[in-house]
Amino acid sequence: METQLVVLGGGPGGYAAAFMAADLGLQVTLVDAEPRLGGACLLRGCIPSKALLHVAKVIADARHATDWGVAFANPKIDLDAMRARKEKVIAALSGGLAQLAKRRNVQVIRARGVFEDSQTLRLEQAGDKPPAADRLRFQHCILATGSSPTRLPALALPTPRAMDSTAALDLPEVPESLLVVGGGYIGLEMGTVYAVLGSRVSVVEMTDGLLPGVDRDLVKPLHKRLEKDFAAIWLNAKVVAMADKKDSIEVTFEGSGVRDQGPEDRVQASGVGGQGPTTQHPTTDNRQLTTSTRRFGRVLIAVGRRPNSAGLGLEHTKVQVDSRGFVMVDPQRRTADPHILAIGDVASEPMLAHKAAHEGKIAAEVLAGHEAAVFSPRAIPAVVFTDPEIAWAGLTEGEAKKEGRAVEVAQFPWAASGRAQSVGRTEGLTKWIIDPESRCVLGCGIVGAGAGELIAEAVLAIEMGATVEDVAQSIHPHPTLSETLGFAAEVYLGTATDIYRPKSPRKA
Ligand code: NAD
């Protein structure tokens, strides 16, 4: 079998690339091992998690309504119905993708593709039936194989009680207690779902803060809220061993961060040193390492994702892979092999669906002969769908510091926003990172309800090279949370009237 372009992987990057290439006149074959299109994002990631987070939001909002004089009865949770709704959402979207492929004459083959050389894929059976052909010859390939959850040997436990994000999304039960290993995107989003449904959720994070790398001003209000919603947040600690105890998992922690926070799942007189739950071990550099043991109903492991570049036969091509497993690409998403391009999680961070889709379209344009097409965004937005949400785009204060780049920062606390007050969400904050010379907005960070929707304005402003004056002069609708973007710009200019800032960084 032959094709002009094969796209390997049918996730948000792969299907965007395939559909765009077909629209640009290329003959396209899409190869994916899954029975349905959509990749990790649609089948076991962004979309199902947002379906569950929406339910969590409805329940949390109803609970908070007591503060405003309305009391609802405790919700009755029907896990089967929740799962069915999530599945319906996935089915609608993946069914839509199959239709869109058909309309565009994109041939979809269910198979596992392995490179035999730079222009041949061996098609291995992935489902019940063998694929339409054993081999697929191609002129070009766009590699879009995505990423998978990182598996740590210390955390491997063959029991359904130890879950990765895919298993957690299946919502097998609402365990009485859940340990989330990893205080990143997935851990906090899924931890939020389980906590609202009734689990006592504890998070253990290896570094000294939740969401490492994210602006601390943004993380602070979320941390404060999670301290109320979660049973415990343990920082500077990691899991070194887990043991299956049939009705629970016994977890051994290492690090000073795991401290008592109430009548937890501590194992009294545990095997650790035979002295109870906590033991101090001297380390070679004389710091005290603390080991403790606790039990949980289930454990969710969310310690990052790694690119899916192994086992693809890339050694039979000229494609180069870096030490972390990412396929090396240029700004047009070409690899070192002239026949192969790569996009999405397999090619570079950030591992985000919208970035992959954008790259996919660029790669399709490059192959259709649009020589000017390059992937060079000024701002890739990132959103953590917790409550409150955290969103940012463009340059962060931390990156500016690392690069030794002078920037100015203007912030607007949501406590001064009429809308935030009226919806009872005053913990938010909106901040702009501004170039002091050009006055262009370089970055934006928002924490607060709906931050993920609000960040879109900032992306447009940064992408278009808007100045802080442009933002301030754009009339924002009142009363909305979007005003906080305009107000933060006014704080910088010294023209804000909704807040008193006698010493503004700079007058207009
Ligand atoms: P992550 O990188 O966001 O977080 C992993 C966390 O685990 C980090 O905080 C890390 O310090 C910690 N960690 C690593 N090893 C540990 C250990 N042994 N013990 C305790 N903590 C440990 O990764 P993730 O949450 O698994 O998500 C993977 C990727 O998926 C993200 O980077 C993101 O790109 C993507 N994602 C995005 C969204 C979204 O856009 N809303 C949601 C989910 C996932």
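The values are calculated or read from the model by the stated rules, or taken from the named source; none is laboratory data. The structure displayed is predicted, hence computed values, not measured ones. Cβ sites come from the backbone with ideal geometry, for glycine too, and all protein chains shown count toward neighbours.
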> Quick check: is even one residue across region 181-195 near the ligand (Cβ under 9 Å from one of its atoms) and either of a type in the set (V, I, T) or over 15 Å from the mean Cα position of the chain (by Cα) (or both)?
Replying inline: yes
> Can we say A347 is farther than 23 Å from K220 by Cβ and touching a strand residue (DSSP E or B) at 6+ places or on another chain (Cβ under 7 Å)?
Replying inline: yes
> Looking at V70, V89, V6, V31, which one is β-branched (V, I, T), more than 16 Å from the ligand (Cβ to nearest atom) and within 30 Å of K228 (Cα to Cα)?
Replying inline: V70
> Is one or more of the residues making up region 222-238 surrounded by 13 or more Cβ atoms within 10 Å (Cβ to Cβ), in a loop (DSSP other than H, G, I, E, B), modelled with pLDDT of 95 or more and away from the ligand (no atom under 13 Å from the Cβ)?
Replying inline: yes
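Let's see how each residue does on (1) surrounded by fewer than 24 Cβ atoms within 10 Å (Cβ to Cβ); (2) touching a strand residue (DSSP E or B) at 6+ places or on another chain (Cβ under 7 Å); (3) assigned to a strand (DSSP E or B); (4) at pLDDT 95 or above:
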site	(1), (2), (3), (4)
T3	yes, yes, yes, yes
V6	no, yes, yes, yes
G14	no, yes, no, yes
F19	yes, no, no, yes
A22	yes, yes, no, yes
L26	yes, yes, no, yes
I47	yes, no, no, yes
K50	yes, no, no, yes
> Across region 109-154, which residue is modelled with the lowest pLDDT among those that are more than 16 Å from the ligand (Cβ to nearest atom) and of a type in the set (K, R)?
Replying inline: K129
> List pairs: first in region 170-185 and more than 10 Å from L197 (Cα to Cα), second within 16 Å of the ligand (Cβ to nearest atom) and among the acidic types (D, E), Cβ under 7 Å, 6+ apart or cross-chain?
Replying inline: G182/E205; G183/E205
> In the list V303, V251, which residue meets the criterion of being within 14 Å of the ligand (Cβ to nearest atom), assigned to a strand (DSSP E or B) and either modelled with pLDDT of 85 or more or over 30 Å from V204 (Cα atoms) (or both)?
Replying inline: V251
> Which ones in region 439-498 are among the aliphatic types (A, V, I, L, M), under 30 Å from L226 (Cα atoms) and not in a helix (DSSP H, G or I)?
Replying inline: L442, I446, V447, A449, L481
>> One residue is enough: does region 363-377 have a residue meeting the conditions under 30 Å from V321 (Cβ atoms), within 16 Å of the ligand (Cβ to nearest atom) and at pLDDT 95 or above?
In response: yes
